[in-house]
Structure formats: structure tokens, C-alpha cells
Amino acid sequence: MKKIQTLTQAELTDLTKKGRVVLEFAADWCGDCRFLEPFLPEIEADFKDSQFYQIDRDGSIDLAKEMNILGIPSFVVYQDGKEIGRLVNGERKTKAQVEAFLRSID
């Protein structure tokens, strides 16, 4: 998973314009984000048709506010430039929950 420290609206538009893109908003200090981190490579492997990016929520706070990302870790999925699903809340997420969410939007 590629990590992005700072993401602007223009960069988001460019990043998500083609194919399936999964954004995970997270932060280094977030315990729930760290809990999920060991499972992210497995999740990526299970969804090879998607490009995954981890966005530093603190480095991209303006974009996070615009997108209504109020809790982390949170996931937003795009298909060819259009948002098609989101798992956005401040609760701890398991690998099974994230994968069930990703399957639900297929």
C-alpha cells in the first residue's frame, strides 16, 4: 500500500480517475489504525483489482474535512472517478469487516 502524507482535492481527482481505488485514512498516533495495519497487505492481496493508498489524515486534514472523514481508520472507495462506497467511522475495524465492506460494493 502506497502511503501519501499530503493529498489535495486536485490530487485526489487525478488519483481516483481510473479503475478501482481504495483510500484508507489513518494516522500514526491512531491505535485502531495500528491494529489494522498488519492485515492491510492481506486485504490488498485479496482485492488485486483495486489500488490501495493510505492517506495521512493529519497531513491531509483539509481534504479529510471536505470529505467528512471524522473518524479513523476510514475507507473510501472510488471507481473511475466516482465514489462508490465508504466505511467511515471512528470504530476499530477488523480484517473481516474491511473485506466484507469491500465485497459489498462489488
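Structure notes:
- Assuming charge only on the beta carbon of Lys and Arg (+1) and of Asp and Glu (-1), the dipole of the range 2-104 about its Cα centre is about 220 debye to the nearest 20.
- The mean sequence distance of close C-alpha pairs (under 8 Å, at least 6 residues apart), as a share of the length of the chain, puts its relative contact order at 36 percent.
- Gained length - Asp106 relative to Phe35, 0.36 nm times residue gap less alpha-carbon distance: 23.0 nm
- Rounded to 5, the percent of DSSP beta bridges in the chain classed as antiparallel: 50
- Positive end of the dipole of the chain (Cβ unit charges, origin at the Cα centre): among Ala10, Val76, Ala27, the Cα lying farthest that way belongs to Val76.
- For the chain, the number of Lys pairs with C-alpha atoms closer than 26 Å, counting only pairs eight or more positions apart or on separate chains, is 29.
Read-outs throughout are calculated quantities, based only on the coordinates presented, and are distinct from any laboratory measurement. Nothing here was measured: the structure is a model prediction, and the numbers come from that model. Cβ atoms come from the backbone with ideal geometry, glycine included; neighbour counts cover every protein chain shown.
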